[in-house]
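S.K.: So that we are looking at the same thing, I have put the structure below in structure tokens.
Bear in mind that the values in this text are calculations on the coordinates, not laboratory data. Bear in mind the structure is a predicted one, so any value in this text is a computation, not a measurement. FYI the Cβ positions are ideal-geometry reconstructions off the backbone, even for glycines, and counts take in every protein chain you see.
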Amino acid sequence: MRKSGLNLSEAEIERRQALQPEGKTPFILIPAVCPICKNGSVQKFFKSGVYQEGKKDLSLHPESYTFEDPDFKQYHPPLYFIWQCPHCFFSADQSTFEDPVADVVCSTNNFQKRILSQYQDDESFRETVPLLEPVEQREELTFHDSIKQYLMAIHFFQSISSIKDRDALNLARYYIRLAWLYEDLEKSDQRISVKILLDQLKYSIIEYWDEIPLTSKAAMEKALFYYEVAYYNSNILAQKHIEHQVMQVIGRLKLILGNIEEARNEFFKGITTANKYKTELDASFRAAENPDLAREEFLPKISRLEGFIRESQDLMQESKQMLNELK
Ligand SMILES: [Zn+2]
């Protein structure tokens, strides 16, 4: 959670405690203010440590979720990833809802203005929103509810050109998680009923959104597209020193989508960039005046980069084997 260092006033702590539901629940409720319409709402997220993620596959998709308390095993955590304003339907993951421009070069005011002008001037934007609105507010979300929330988040972020064409990291993240959600749906008993609803959605929305991704593969291709937009066009990656991570994700997606040669190239670029960061950190570590402080500051970062490099080398090896098998 990005705002864990938040200093809450006593009144605010009391207000939050009063919100907590009675009875047994895996959720914490949080008052939130919509960054677009400025209305308040109550949003929820899982209490920390209430579930564990299982092993991750090649696209980093957790294959399972285990709740310590068996009473909660009906919950599927990714269904609750997106927060949605019940007034204007702006949707985003929790940290982006609380700070919508964390990964965009744009002021919060400007972000708000651009969304409001979409509502005003863009008919197709306006017409799409009600098609993705929830049918009812429910305590427990279905796959259908949640998929529409992800699509709503994508609809909002895709409507801003500086995000769609440049700072596309959030879009890429929403698309990859949507791809995972479609994969999880295949394993769920809601599979057949939700597919019927999604077919209906496609029929009603296609006039406004012809490339709406309604399968895992379609969403994954969009994720790859927007990771590459962010990689080539956004300064945020360099600012946050996450270029190597994004290159590895691009490589993973290319591998899944069958472009093995290019995937190897991405892993290689990721390793080169991580090595460059590591050399810089090694030098700062050696030059530091206080060795104890420096150890605390630099060693964990250096060790994370070393772990990343080993992992990328394994991925290169794996893709080499895949290429050999194809020959
Ligand atoms: Zn709102």
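S.K.: Divide by every residue of the chain the summed helix terms, -39500 (n - 2.57) for each DSSP H run of at least 4, and state the resulting mean residue ellipticity at 222 nm, rounded to the nearest 500 deg cm²/dmol.
M.R.: That calculation yields -19000 deg cm²/dmol at 222 nm.
S.K.: Within the range 163-214, which GluC sites (Glu not before Pro) sit in a loop by DSSP and count at most 13 neighbouring Cβ atoms inside 10 Å?
M.R.: Glu207, Glu211
S.K.: May I ask which residue of Tyr203, Met316, Val50 lies farthest towards the positive end of the charge dipole of the chain, with charges of +1 (Lys, Arg) and -1 (Asp, Glu) on Cβ and the Cα centre as origin?
M.R.: Toward the positive end, the furthest listed residue is Met316.
S.K.: Check the straight Cα-Cα distances from Lys202 and name the lysines below 18 Å, setting aside those fewer than 8 residues away within the same chain.
M.R.: Lys148, Lys217, Lys222
S.K.: Suppose we keep just the alpha-carbon trace of the range 241-327; what are its Rg and Dmax in angstrom?
M.R.: For the range 241-327, the Cα-based Rg and Dmax read 15.7, 55 Å.
S.K.: Right, next: Straight-line reach from Lys113: which aspartates and glutamates have a Cα under 13 Å away, not including same-chain ones fewer than 8 places off?
M.R.: Once the sequence-local aspartates and glutamates are set aside, what remains near Lys113 is Asp121.
S.K.: Taking Rh as the Kirkwood radius computed over C-alpha pairs, what is the Stokes-Einstein D of the chain at 10 °C in a medium of viscosity 1.306 mPa s, expressed in µm² per second?
M.R.: 73
S.K.: Same structure, new question: Whole angstrom only: what separates the Cα centroid of the range 52-125 from the Cα centroid of the range 251-327?
M.R.: Spelled out, the Cα-based centre of one part sits 28 Å from the other.
S.K.: Given 4 °C and 1.567 mPa s, how large is the Stokes-Einstein diffusion coefficient of the range 168-256 in µm²/s, with Rh as the Kirkwood radius over Cα pairs?
M.R.: 91
S.K.: Right, another one. May I ask which residue of Leu257, Gly270, Pro300 lies farthest towards the positive end of the charge dipole of the range 241-327, with charges of +1 (Lys, Arg) and -1 (Asp, Glu) on Cβ and the Cα centre as origin?
M.R.: My answer, from the dipole projection, is Leu257.
S.K.: Simple spin-label model, 7 Å along Cα-to-Cβ: Ala102 to Ala287 in nm?
M.R.: Those two pseudo-labels are separated by 3.1 nm.
S.K.: Roughly how big is the chain's charge dipole about its Cα centre, with Cβ charges of +1 (Lys, Arg) and -1 (Asp, Glu), in debye to the nearest 20?
M.R.: The calculation lands at about 440 debye.
S.K.: Output needed: Cys residues of the chain lacking any neighbouring Cys C-beta below 4.7 Å, sorted by number.
M.R.: So far as the 4.7 Å Cβ criterion goes, Cys106 stand without a partner in the chain.
S.K.: Here is a follow-up. Using a Cα-Cα cut-off of under 17 Å, which lysines could be cross-linked to Lys276, ignoring same-chain neighbours fewer than 8 residues away?
M.R.: Candidates past the 8-residue exclusion: Lys240, Lys301.
S.K.: Mind checking the range 165-254 for trypsin sites (Lys or Arg not before Pro) that DSSP puts in a loop (not H, G, I, E or B) and that have at most 14 other Cβ atoms within 10 Å?
M.R.: Qualifying residues, ordered by number: Lys187, Lys240.
S.K.: Give the Rg/Rh ratio for the range 20-71, taking Rg as the radius of gyration of the Cα atoms and Rh as the Kirkwood radius, to two decimals.
M.R.: That ratio equals 1.13.
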